[in-house]
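Colleague: Just dropping this structure here.
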Amino acid sequence: MSASGGTKAIVAALLANSGIAVTKFIAFLFSGSSSMLAESVHSLADAGNQGLLILGGKRAKRAATQEHPFGFGRERYVYAFIVAIILFSVGGMFSIYEGIDKLQHPHPLEYPWLPPLVLAIAIVLEVFSLRTAIIESNHVRGKQSWVQFVRRAKQPELPVVLLEDIAALLGLVFAMIGVGLTIITGDSFWDAVGTLAIGALLMLVAIILGIETKSLLVGEGASVEDERAIRDTINAHPDVEALIHMKSLYVGPDELLVGAKVAFGRTRQLTDVANAVDSLETTIRERVPVARIIYIEPDVYRPKSSQPSTDAIVVKGTD
């Protein structure tokens, strides 16, 4: 559901931003507004970003190879990181440059009625895109706040589109204010200020996206809830004496790798241990479906002093 929802949100944003970019650029050509040019580049960058997210999603579905035995799921993170860089450089830095240039070389607006009209249309289209992103995000957000969703989501597409749409709406408001004040006062200073505000906003959003995506690229483990569910499942199994330690890693947005060292009874036969391991893997996948790659190492329980100090060991029958 999350993958299809993310694709739906991306397509909605791509269609909206493509139409908005063309409309804004036409308005810039007629009016000469730097805010309109900044917004044109902003929307063009957003449309290109959505194209990259779609490309990343398709490439991530490639089958595993000998060189990449865990598949290409994390490629979605790579493309999301590229999106953050493009948003920062093409969108933010260009807008800052254009705003400074407008301050140094001011010129009046031509056809002053055109930019507000185009911006109003763009706001309507952007609201449609943001609404789609919110609806699809709510399907996977659960009880998390929006800040928690952006910070903890393992599927990068929805947070990226969500932040892009919010930035786009705020940018349109900044452009509307800048153009409006320029029309009222006849001073193009306000148009330049609006352009600078758009650039600063885009750079801020790009930095947030870059930080969160970098964390996914480096490698994140299971959420607190999923890790607790996996630990409880292992400890609840009748053949398990103790969970010695466990580690997890997302090898893709929808694929969690789980490795655990589990203590079984010293007198258990190999076939019984093998059956218990199979049963554990099945139960873990039922409780945490994203845990698709599971490696369980059978062991025997030893005193805590000989176990890794960072692991919480639960031994049945002890305090």
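Just so you know, all these numbers are worked out from the coordinates, no wet-lab data involved. On a predicted model such as this, the values are computed, not experimentally measured, just so you know. Cβ atoms come from the backbone with ideal geometry, glycine included; neighbour counts cover every protein chain shown.
Colleague: Tell me, yes or no, whether region 222-240 has at least one residue that is touching a helix residue (DSSP H, G or I) at 6+ places or on another chain (Cβ under 9 Å) and closer than 17 Å to V150 by Cα.
Modeller: Looking through region 222-240, at least one residue is touching a helix residue (DSSP H, G or I) at 6+ places or on another chain (Cβ under 9 Å) and closer than 17 Å to V150 by Cα.
Colleague: What are the residues in region 243-290 that are closer than 29 Å to R76 by Cβ and touching a Phe, Trp or Tyr at 6+ places or on another chain (Cβ under 6 Å), if any?
Modeller: Across region 243-290, the qualifying residues are V251, L256, G259.
Colleague: Check I54 against each of (1) over 27 Å from the mean Cα position of the chain (by Cα); (2) more than 30 Å from G180 (Cβ to Cβ) and name the one condition it does not meet.
Modeller: That leaves (1) as the condition not met.
Colleague: Related question: Of all the residues that make up region 177-203, how many are buried (at least 21 other Cβ atoms within 10 Å of the Cβ), in contact with a Pro (Cβ under 6 Å, 6 or more places away or on another chain) and part of a helix (DSSP H, G or I)?
Modeller: 1
Colleague: Just checking, does region 285-300 include any residue being touching a Ser or Thr at 6+ places or on another chain (Cβ under 6 Å) and among the charged types (D, E, K, R)?
Modeller: The answer is yes; a qualifying residue exists.
Colleague: What's the total number of residues in region 118-134 that are of a type outside the set (D, E, K, R) and in contact (Cβ under 8 Å) with a residue 60 or more places away in the chain?
Modeller: 9
Colleague: Any idea how many residues of region 44-68 are crowded, with 20+ Cβ neighbours inside 10 Å and in a loop (DSSP other than H, G, I, E, B)?
Modeller: 1
Colleague: Filter region 266-293 for residues that are assigned to a strand (DSSP E or B) and either on the phi > 0 side of the Ramachandran plot or not charged (D, E, K, R) (or both); which is surrounded by the fewest Cβ atoms within 10 Å (Cβ to Cβ)? Steps first, answer last, please.
Modeller: Taking region 266-293 and keeping what is assigned to a strand (DSSP E or B), we get 291-293.
Filter once more, so that each one left must be either on the phi > 0 side of the Ramachandran plot or not charged (D, E, K, R) (or both): 291, 293.
On the way: A291: 21, I293: 16.
This residue is I293.
Colleague: Would it be correct to say that A222 is over 19 Å from D254 (Cα atoms) and either of a type outside the set (S, T, Y) or part of a loop (DSSP other than H, G, I, E, B) (or both)?
Modeller: Here the answer is no, as A222 does not meet what is asked.
Colleague: Also, I was wondering about something else. Which pairs do you get when a residue that is in contact (Cβ under 8 Å) with a residue 24 or more places away in the chain, found in region 27-56, comes within reach of a residue that is surrounded by fewer than 24 Cβ atoms within 10 Å (Cβ to Cβ) and part of a loop (DSSP other than H, G, I, E, B), reach meaning Cβ atoms under 6 angstrom, with the pair 6+ apart or on two chains?
Modeller: Matching pairs, first to second residue: F30/Y111; S31/L109; S31/E110; S31/Y111; G32/E110; S33/L109.
Colleague: Are any of the residues in region 247-257 of a type in the set (F, W, Y), outside any strand (DSSP E or B) and more than 20 Å from A45 (Cα to Cα)?
Modeller: No: zero hits.
Colleague: May I pose another question? Would you mind stating whether V161 is in contact with a helix residue (DSSP H, G or I) (Cβ under 8 Å, 6 or more places away or on another chain) and more than 30 Å from G56 (Cα to Cα)?
Modeller: no
Colleague: Being among the aliphatic types (A, V, I, L, M) and either more than 12 Å from R231 (Cα to Cα) or in a loop (DSSP other than H, G, I, E, B) (or both) narrows it down to one of A263, A242, so name that one.
Modeller: Residue meeting the stated conditions: A263.
Colleague: Here's a follow-up. Please determine, by comparing only the residues of region 174-186 that are out of contact with any Gly (no Cβ under 7 Å at 6 or more places or on another chain) and without any contact (Cβ under 8 Å) to a residue 40 or more places away in the chain, which one is farthest from V124 (Cα to Cα).
Modeller: The residue in question is T185.
Colleague: Continuing with the same structure: Out of all the residues in region 205-225, is one or more charged (D, E, K, R), free of Cβ contacts under 8 Å to residues at least 24 places away in the same chain, buried (at least 17 other Cβ atoms within 10 Å of the Cβ) and farther than 30 Å from K102 by Cα?
Modeller: Within region 205-225, not a single residue is charged (D, E, K, R), free of Cβ contacts under 8 Å to residues at least 24 places away in the same chain, buried (at least 17 other Cβ atoms within 10 Å of the Cβ) and farther than 30 Å from K102 by Cα.
Colleague: Something else now. Every residue in region 107-123 that is of a type outside the set (F, W, Y) and in contact with a helix residue (DSSP H, G or I) (Cβ under 7 Å, 6 or more places away or on another chain), please.
Modeller: If the condition is that a residue be of a type outside the set (F, W, Y) and in contact with a helix residue (DSSP H, G or I) (Cβ under 7 Å, 6 or more places away or on another chain), then L109, E110, P112, L114, P115, P116, V118, L119, I121, A122, I123 are the ones that fit.
Colleague: Could I ask something else about it? Which pairs have Cβ atoms under 6 Å, sit 6 or more apart or on different chains, and link a residue in region 101-112 that is exposed (fewer than 14 other Cβ atoms within 10 Å of the Cβ) to one that is in a loop (DSSP other than H, G, I, E, B)?
Modeller: From residues that are exposed (fewer than 14 other Cβ atoms within 10 Å of the Cβ), the pairs are E110/G32.
Colleague: Identify the residue in region 26-43 that is assigned to a helix (DSSP H, G or I) and of a type in the set (S, T, Y) and, among all such residues, is nearest to E110 (Cα to Cα).
Modeller: Step one: filter region 26-43 for residues assigned to a helix (DSSP H, G or I), giving 26-31, 34-43.
Within this subset, residues satisfying the condition of being of a type in the set (S, T, Y) are 31, 34-35, 40, 43.
Working: S31: 4, S34: 12, S35: 13, S40: 17, S43: 22 Å.
Going through the qualifying residues, I end up with S31.
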